[in-house]
Amino acid sequence: MTVTARARSQRPGNAPQVADRGGLQGGLLPDFLKPRTNAKSPFRVAVILVPGFALMSFASVIEPVRGANRLSGATFYEWELFAPEGGMVESNSGITVAAAPVSTLEQSHFDLVVVCAASHAEQRRFRTVEEVLRRLSRRNVALAAVSTGSFVLARAGLLDERRCTVHWDYADSFAEAFPDIALCNDLFVVDGSILTCAGATAALDMMLQLIGAHQGQDLARQISGQFLHGGIRAAADDQRRMLLGMGVTNSVVQKAVSLMEAAIEEPVPLTELTQRTGVSQRQLERLCKRYLGATPAQYYVQLRLERARRMLRQTDMSVAEVAIACGFVSLSHFAKVYRRHYGLSPREDRKAT
């Protein structure tokens, strides 16, 4: 991840890097990331809760700023909650939260507006939210998206020619829906006045980095310690690499899995995997069985099936299109392997979702 400061007309590939990959400090920072140690007014955050939002992501946005106020003994941050229609908005766990109508958001000044989403935002449109976000963007208000909130920003046309991220579970669906947007696997990405985040605990790291940029890293570390969070993760940490690293420490297996994940539509032959990992086929199979509990071929099929299931559930692509996108040249073979793995045919699984 890099913090990118540029004119909107610039292509992402030409964007100058103005900060190191470990945090949000750097040269030409957008206004919402500049130090606020002498600020006379609180930094105001508006959180738009899209129906189906994730409670963990929501808490990861709000709790760090609450902690900053408590530990500092000062009101560094204020926040308000909004929803498309207002009233009680339901999270993906069924717990509801009271929020004001998003139409009233523009009547107050906010330094950062965060779209917090999860279930549904990858398929449903929230046009009232999109309209408000476009108007706020024209007024140069900093905007952020957590988890599938990136879909909302993208549909509003606010991620064109920008780098962004989204939760890894929705990355394939996002790439299919918005092939021209530069998607990466960072925990969070700042591109000008737009901040996108993978969600869940990544939002905690994002907000801790934000607080560190505003009030100094000492306060950010204190808050992290209060939450028993340990070290604050860097923005550029790769979601899938971190996921793999939780249970697999062998570098050969990690590289093999990375190669597989990067070539789902056109699977890499086993011979090429062994060449690029620098080990023999027998050694690669032994390592994969030890760390993954499956041969390379078995694990590769599992990855492709997992991607297929996400696409079936999150997109309106036909079963045949999903099969091709996941490296299956025969629809009948795809259906057979899918049923053997999940106990349902692709069409049955989509209907049951």
(message) Rounding to the nearest 10 and keeping the result within 0 to 90°, find how far the Cα-based axis of helix 281-292 lies from the longest principal axis of the chain.
(response) 50 degrees
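Report, in debye and to the nearest 20, how large the dipole of segment 3-238 comes out about its Cα centre when Lys and Arg carry +1 and Asp and Glu carry -1 on their Cβ.
Numbers: 22 positive and 24 negative charges, 142 e Å.
My answer is approximately 680 debye.
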(message) Using only Cα atoms and rounding to the nearest 10 degrees, what angle (0 to 90) does helix 201-215 make with the longest principal axis of the chain?
(response) 30 degrees
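Evaluate 2.2 N^0.38 Å with N set to the residue count of segment 247-352, then give the Cα radius of gyration divided by it. The partial results should precede the final answer.
Values: Rg = 14.6 Å, N = 106, 2.2 N^0.38 = 12.9 Å.
Its radius of gyration relative to the 2.2 N^0.38 Å reference: 1.13.
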(request) Give the cross-link partners of LYS34 among the lysines, using a straight C-alpha distance below 18 Å as the criterion and excluding same-chain residues fewer than 8 apart. (result) none
(message) Computed from the coordinates I sent, semi-axes √(5λ) of the Cα gyration tensor in Å equals one of (1) 30, 24, 21; (2) 41, 23, 17; (3) 37, 24, 19. Tell me the label.
(response) (3)
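May I ask you to derive the relative contact order of the chain, considering only C-alpha pairs under 8 Å and at least 6 residues apart, and to give it as an integer percent? Could you put the intermediate results ahead of the total?
Numbers: 630 pairs, mean separation 55.0, N = 353.
In percent, rounded to a whole number, it is 16.
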(request) Treat each spin label as a single point 7 Å out from the Cα along the C-beta direction, and report the ARG290 to ARG221 distance in nm. (result) 3.7 nm
(request) Could you size up the charge dipole of segment 247-352 around its Cα centre, putting +1 on the beta carbon of Lys and Arg and -1 on that of Asp and Glu, and report it in debye to the nearest 20? (result) 400 debye
(request) Measure nothing but the geometry: give the 0 to 90° angle between the long axis through the Cα atoms of 127-138 and the longest principal axis through the Cα atoms of the chain, rounded to 10°. (result) 60 degrees
(request) Taking the Cβ of each residue in HIS109, HIS120, HIS214 as the centre, tally the other Cβ atoms inside 10 Å and list the residues starting with the fewest. (result) HIS109, HIS120, HIS214
(request) Identify which of GLY212, GLY149, GLY87 has the largest mean-square fluctuation in a Gaussian network model of the chain, with springs joining Cα atoms closer than 10 Å. (result) GLY87
(request) Within the set of other residues whose C-beta is less than 13 Å from the C-beta of TYR291, count the net charge using Lys and Arg as +1 and Asp and Glu as -1. (result) +3
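Where a number appears in this text, it was derived from the coordinates with a stated rule and is not lab data. Predicted model, so just to flag it, every value in this text is computed and none were measured. Glycine also receives a Cβ, built like all others from the backbone with ideal geometry; neighbour counts cover every protein chain displayed.
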